[in-house]
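Enquirer: For reference, the structure I am asking about is given below.
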Amino acid sequence: IDGTVGAQGRRLDFEAIGDASFVPPSLTTSAGVFVFQRYQREALTFEGGLRAERQAIDPSATSGLPGQSGTAISGSIGALWKRSPELSVAFNLGHSQRHPSATELYADGPHEATGQFIIGDPGMRKEAANTLDVILRGGTAASWQISAWVSRFNDFIYLQPTGAVADDLPVYIYRQGSAMLHGAEVEMSAAIHHRGAGELLLRLASDLVRGSLSDGGPLPAIPPLR
């Protein structure tokens, strides 16, 4: 068995300056601890990880907005079966939680870089997801990988267009809801030229993501097939 244990801390003192600042000043502090362990037995490798993070966001007193704090817990377990030197299969199951950001909580104004008038929600809860993914890898002269995943979210945070206009910009508002996302990725790479210690690689890749809310409506801002 081998693994890693660690800790992480962050302090973000944020202030946007100028007429177009759409998020009030805030102080975000977070502290986290994590552990990752791996056990290998012949052709099988088992992995597991756990992370806990405590975060607090305090907006400036002049904003009149409430602060928010909480603890997010994330963990995963997985297995890798190396069937042969040319073929392996991996399975991973994970649960993750994410704190909302200061922008998602407190935004209220024009974001000129994106051409949107954005409104946050100070009562937003942390986001949680359960995810399953399967990865198939192989190759000799050329390496390839095929993966597929599905995630079920509670309180998924997304930016929803409202159809309204403010300051000549379309209004978008941060919302939460139950959602399902799934996707797949395909990748292949092969060395097509060698010269000395160097080589030229050809890489082909494609990925697809789809997402929908629990009521069946599509999630906004989902990227197209790439």
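Enquirer: If you take the residues of region 27-47 that are buried (at least 16 other Cβ atoms within 10 Å of the Cβ) and not aliphatic (A, V, I, L, M), which of them is nearest to Met124 (Cα to Cα)?
Expert: Thr28
Enquirer: Can you give me the number of residues within region 1-25 that are within 30 Å of Leu44 (Cα to Cα) and open to solvent by less than 100 Å² (accessible area, probe 1.4 Å)?
Expert: Qualifying residue count for the region: 5.
Enquirer: In addition: Scan region 25-45 and report the pairs whose first residue is over 26 Å from Pro66 (Cα atoms) and charged (D, E, K, R) and whose second residue is in a strand (DSSP E or B) and open to solvent by less than 60 Å² (accessible area, probe 1.4 Å), with Cβ atoms within less than 7 Å and a gap of 6+ or a chain change.
Expert: Arg38/Gly3; Arg38/Thr45
Enquirer: Of everything in region 90-114, what is farther than 30 Å from Thr45 by Cβ, open to solvent by 50 Å² or more (accessible area, probe 1.4 Å) and either among the β-branched types (Val, Ile, Thr) or touching a Leu at 6+ places or on another chain (Cβ under 6 Å) (or both)? Give them in sequence order.
Expert: Thr114
Enquirer: Could you look through region 64-89, keep only residues that are open to solvent by less than 40 Å² (accessible area, probe 1.4 Å) and among the small types (Gly, Ala, Ser), and pick out the one that is farthest from Arg10 (Cα to Cα)?
Expert: Ser84
Enquirer: Please name all residue pairs, on different chains or six or more residues apart, with Cβ atoms under 6 Å, provided the first residue is in region 129-150 and is in contact (Cβ under 8 Å) with a residue 12 or more places away in the chain and the second residue is among the hydroxyl-bearing types (Ser, Thr, Tyr) and buried (at least 17 other Cβ atoms within 10 Å of the Cβ).
Expert: Ala129/Ser96; Ala129/Ser151; Thr131/Ser151; Ile135/Ser147; Arg137/Ser88
Enquirer: Taking Glu127 and the conditions (1) under 30 Å from Thr162 (Cα atoms); (2) surrounded by fewer than 17 Cβ atoms within 10 Å (Cβ to Cβ); (3) modelled with pLDDT of 95 or more, which numbered condition does it fall short on, given that it satisfies the others?
Expert: (2)
Enquirer: Could you grab the pairs with beta carbons closer than 7 Å, sequence gap of 6+ or different chains, first residue in region 63-92 and free of Cβ contacts under 8 Å to residues at least 24 places away in the same chain, second one among the hydrophobic types (A, V, I, L, M, F, W, C) and surrounded by fewer than 17 Cβ atoms within 10 Å (Cβ to Cβ)?
Expert: If the second residue must be among the hydrophobic types (A, V, I, L, M, F, W, C) and surrounded by fewer than 17 Cβ atoms within 10 Å (Cβ to Cβ), the pairs left are Gly67/Ala56; Ser69/Ala56; Thr71/Ala52.
Enquirer: Those residues that are over 23 Å from the mean Cα position of the chain (by Cα) and in a strand (DSSP E or B), I need them from region 47-79; list them, please.
Expert: Step one: list which residues in region 47-79 are over 23 Å from the mean Cα position of the chain (by Cα), which gives 58-67.
Of everything in region 47-79, those that are over 23 Å from the mean Cα position of the chain (by Cα) and in a strand (DSSP E or B) turn out to be Asp58, Pro59.
Enquirer: Looking only at region 1-40, filter to residues that are under 21 Å from the mean Cα position of the chain (by Cα) and among the hydrophobic types (A, V, I, L, M, F, W, C); which one of those is farthest from Ser60 (Cα to Cα)?
Expert: Phe36
The values are calculated or read from the model by the stated rules, or taken from the named source; none is laboratory data. Since this is a predicted model, take the numbers as computed values, not measurements. So basically every Cβ, Gly included, is an ideal-geometry build from the backbone, and we count neighbours across all protein chains shown. These area figures cover heavy atoms from the full protein model, side chains too; ligands, DNA and RNA do not enter into them. Shrake-Rupley method; radii C 1.70, N 1.55, O 1.52, S 1.80 Å.
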